[in-house]
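> Mind looking over this structure? Questions follow.
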């Protein structure tokens, strides 16, 4: 059974204080790992797809990296508007688009 | 573009009553999904449909049913609601190919008393 564990559950940062969110996973055959952002009262919004160990993707202040057992979402010099819950999900080979999600990390960036 | 539209936004329901959550998309995506989101448990797949006329069970299908009469609509029905079905329900769709990119609706918050 696929498992996805995100840590920490919650993270408070000061504006400009860089940090990383962790997503560790167990899957029999990884087809892809995904990061989503979810704002309060909204549905998740797609951020990145990573397919193989060593791959990196960047978008503004966010950079996602992937190893064989975990993924990191690095946030550089965050701003208050980066406050959201960040969700990690894995896609098993042969499972189509059925994703297994982690519990998420709630990020709060204070001005 | 509307994307995924869910209704109702929120609902309080007495245990034992039936309820249908509506989901409509205007992106002509073949695949659609229903997830529930509970604190500490993340998003869990209830049912999915890869194309109109077909449906499949996800991780937590018990107590729920779906239908896919056409490409645009994917309603989720609770035949006899129980308090453990209190949750936020999200409908999603995905474009062709196994990209893992899902487009989500805004969610329907359901409380079963």
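> Which members of segment B:39-92 meet the condition of being within 10 Å of chain A (Cβ to nearest Cβ) and under 18 Å from residue B:8 (Cα atoms)?
Listed by number, the residues that qualify are B:88, B:90, B:91, B:92.
> Condition test on residue B:17, is it in a loop (DSSP other than H, G, I, E, B) and surrounded by 20 or more Cβ atoms within 10 Å (Cβ to Cβ)?
Spelling it out, it is not the case that residue B:17 is in a loop (DSSP other than H, G, I, E, B) and surrounded by 20 or more Cβ atoms within 10 Å (Cβ to Cβ).
> Quick one: in segment B:103-113, of everything that is part of a loop (DSSP other than H, G, I, E, B) and within 7 Å of chain A (Cβ to nearest Cβ), which residue is surrounded by the fewest Cβ atoms within 10 Å (Cβ to Cβ)? Give the steps one after another, and end with the answer.
Step one: list which residues in segment B:103-113 are part of a loop (DSSP other than H, G, I, E, B), which gives B:105-107, B:113.
Now restrict to residues that are within 7 Å of chain A (Cβ to nearest Cβ): B:105-107.
Numbers: B:105: 24, B:106: 17, B:107: 24.
Once the filter is applied, the top-ranked residue is B:106.
> Let me ask something else. Could you count how many residues in segment A:39-50 are surrounded by 13 or more Cβ atoms within 10 Å (Cβ to Cβ) and assigned to a loop (DSSP other than H, G, I, E, B)?
The number of residues fulfilling the criteria is 3.
> Being assigned to a helix (DSSP H, G or I) and either at negative phi or within 14 Å of another protein chain (Cβ to nearest Cβ) (or both): is that true of residue A:81 here?
Yes, satisfied.
> In addition: Give the number of residues within segment A:55-75 that are touching a strand residue (DSSP E or B) at 6+ places or on another chain (Cβ under 7 Å) and part of a loop (DSSP other than H, G, I, E, B).
3
> So, in segment A:87-111, how many residues would count as being assigned to a strand (DSSP E or B) and closer than 20 Å to residue A:31 by Cα?
Residues flagged as assigned to a strand (DSSP E or B) and closer than 20 Å to residue A:31 by Cα within segment A:87-111 amount to 9.
> Only one of (1) within 30 Å of residue B:51 (Cα to Cα); (2) within 10 Å of another protein chain (Cβ to nearest Cβ); (3) in contact (Cβ under 8 Å) with a residue 24 or more places away in the chain; (4) touching a strand residue (DSSP E or B) at 6+ places or on another chain (Cβ under 7 Å) is not met by residue A:35, so which one is it?
With (1) within 30 Å of residue B:51 (Cα to Cα); (2) within 10 Å of another protein chain (Cβ to nearest Cβ); (3) in contact (Cβ under 8 Å) with a residue 24 or more places away in the chain; (4) touching a strand residue (DSSP E or B) at 6+ places or on another chain (Cβ under 7 Å) applied to residue A:35, the lone miss is (2).
> Right, another one. Condition first: touching a residue at least 60 places away in the same chain (Cβ under 8 Å) and either within 8 Å of another protein chain (Cβ to nearest Cβ) or under 13 Å from residue A:44 (Cα atoms) (or both). Now tell me which residues in segment B:93-102 satisfy that. Break it down into steps so the answer makes sense when it comes.
The initial filter retains those residues of segment B:93-102 that are touching a residue at least 60 places away in the same chain (Cβ under 8 Å), namely B:93-96, B:102.
Those that are touching a residue at least 60 places away in the same chain (Cβ under 8 Å) and either within 8 Å of another protein chain (Cβ to nearest Cβ) or under 13 Å from residue A:44 (Cα atoms) (or both): B:93, B:94, B:102.
> For residue B:23, indicate whether it is part of a strand (DSSP E or B), more than 9 Å from chain A (Cβ to nearest Cβ) and farther than 20 Å from residue A:49 by Cβ.
Spelling it out, residue B:23 is indeed part of a strand (DSSP E or B), more than 9 Å from chain A (Cβ to nearest Cβ) and farther than 20 Å from residue A:49 by Cβ.
Any read-out appearing in this document is the output of simple, stated calculations on the displayed coordinates, not a laboratory observation. Worth saying up front: this structure is predicted, and the values here are computed from it rather than measured. Every residue, glycine among them, receives a Cβ derived from its backbone with ideal geometry; neighbour counts consider all protein chains shown.
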